[in-house]
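Some notes on the structure that comes next.
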Amino acid sequence: MLERDVYKKYLGIHLRNKRLELDLTQDELEEKAGLSETVISKIENNERLPSSHTLYLITSAMGISIDQLNQDITRSIHEETNEPT
């Protein structure tokens, strides 16, 4: 699997988990972030890698930092590949 695809996979997983932790539907998060329909669904289902601006809108709406999100994703990737962080 290409590095980009691995990142996209874990981005979707982590965003979905955080959204559920916040008890938000995809529609609610899209509205809160000012995004059009299906954007969150496509990201969570690994169909789309968001632009940096879209990722900023999503993380801001969820009250998390992009840096922390990327650290969590990196940790998951390293755990999958058994590489040290």
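The values are calculated or read from the model by the stated rules, or taken from the named source; none is laboratory data. On a predicted model such as this, the values are computed, not experimentally measured, just so you know. No Cβ is skipped: glycine too gets one built from the backbone with ideal geometry, and neighbour counts run over all protein chains shown. Side chains included, ligands, DNA and RNA excluded: accessible areas come from the protein's heavy atoms. Shrake-Rupley method; radii C 1.70, N 1.55, O 1.52, S 1.80 Å.
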Original post:
Is it true that ILE58 is touching a helix residue (DSSP H, G or I) at 6+ places or on another chain (Cβ under 9 Å), β-branched (Val, Ile, Thr), modelled with pLDDT of 95 or more and open to solvent by 20 Å² or more (accessible area, probe 1.4 Å)?
Top reply: no
Original post:
Among helices (runs of 4 or more DSSP H) lying entirely in region 18-83, which contain 3 or more residues that are free of Cβ contacts under 8 Å to residues at least 12 places away in the same chain?
Top reply: 26-33, 52-62, 66-81
**OP:** Count, please, the residues in region 1-55 that happen to be β-branched (Val, Ile, Thr) and open to solvent by less than 50 Å² (accessible area, probe 1.4 Å).
**Re:** 5
